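*Asks:* Quick one: the structure is below, and I'll ask about it shortly.
Taken together, the values in this text are just the output of simple stated rules run on the coordinates, not laboratory data. Given the structure is predicted, the values throughout are model-derived calculations rather than measurements. Cβ placement follows ideal geometry from the backbone for every residue including glycine, while neighbour counts extend to all protein chains displayed.
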Amino acid sequence: MPVYPHVSESGSVAGRLAVFSSPDGFGSVADWYEVHMPRSARFARDNATSQATWAIFSTRETKTVHVEVVDGTVRITLADVAIGTAAPTGR
């Protein structure tokens, strides 16, 4: 997944989730992702609420990028979720 160039990492979880913040405006960050995400990505953008999400679906995983403004700062969340992994059953 592409990572916007002007970010500070806020946190991550086991290579499956990463959260970044950027001093740049929502429009700049969302515009950058529109150019850098694969054409196959599905997306929704709402400038009125300063939120945008892109998703890439495959049979093995779903990857998402979510851009939003939280307390005046642009936050970027990248997630990679495996699909079809067996849930522990205790057996």
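*Asks:* Figure the gain on full extension for PHE57 and VAL70 (residue separation times 0.36 nm, minus the Cα-Cα span) and round it to one decimal in nm.
*Replies:* Details: separation 13, 0.36 × 13 = 4.68 nm, distance 2.65 nm.
Between PHE57 and VAL70, full extension yields an extra 2.0 nm.
*Asks:* For the pair VAL3/SER21, report the inter-label distance in nm, with labels modelled 7 Å from Cα in the Cβ direction.
*Replies:* 1.7
*Asks:* ASN47 to VAL35: extension gain in nm, 0.36 nm per residue of separation minus the Cα-Cα distance? Can you show the working numbers first?
*Replies:* Working: separation 12, 0.36 × 12 = 4.32 nm, distance 1.66 nm.
Computed gain between ASN47 and VAL35 is 2.7 nm.
*Asks:* Can you find, among VAL35, HIS66, ALA55, the residue sitting farthest towards the positive end of the charge dipole of the chain, where Lys and Arg contribute +1 and Asp and Glu -1 at Cβ?
*Replies:* Among VAL35, HIS66, ALA55, the one farthest towards the positive end of the dipole of the chain is ALA55.
*Asks:* Work out the length of the dipole vector of the chain about its Cα centre, built from +1 on the beta-carbon of each Lys and Arg and -1 on the beta-carbon of each Asp and Glu, and round it to the nearest 20 debye.
*Replies:* Value, rounded to 20: 500 debye.
*Asks:* I want to check the label-to-label distance for ALA82 and SER12. Put each point 7 Å from Cα in the C-beta direction and report it in nm to one decimal.
*Replies:* Distance between label points: 1.8 nm.
*Asks:* Taking only Cα atoms and a 10 Å spring cutoff, compute GNM fluctuations for the chain and point out the largest among ALA30, ALA41, ALA14.
*Replies:* In the Gaussian network model the winner is ALA14.
*Asks:* What does the net charge come to around ALA41 if you take all other residues with beta carbon closer than 11 Å to its beta carbon, with K and R at +1 and D and E at -1?
*Replies:* Here the count lands on +2.
*Asks:* Which value, to two decimals, describes the C-alpha radius of gyration of the chain once divided by 2.2 N^0.38 Å?
*Replies:* Details: Rg = 14.4 Å, N = 91, 2.2 N^0.38 = 12.2 Å.
Expressed relative to 2.2 N^0.38 Å, the Cα Rg reads 1.18.
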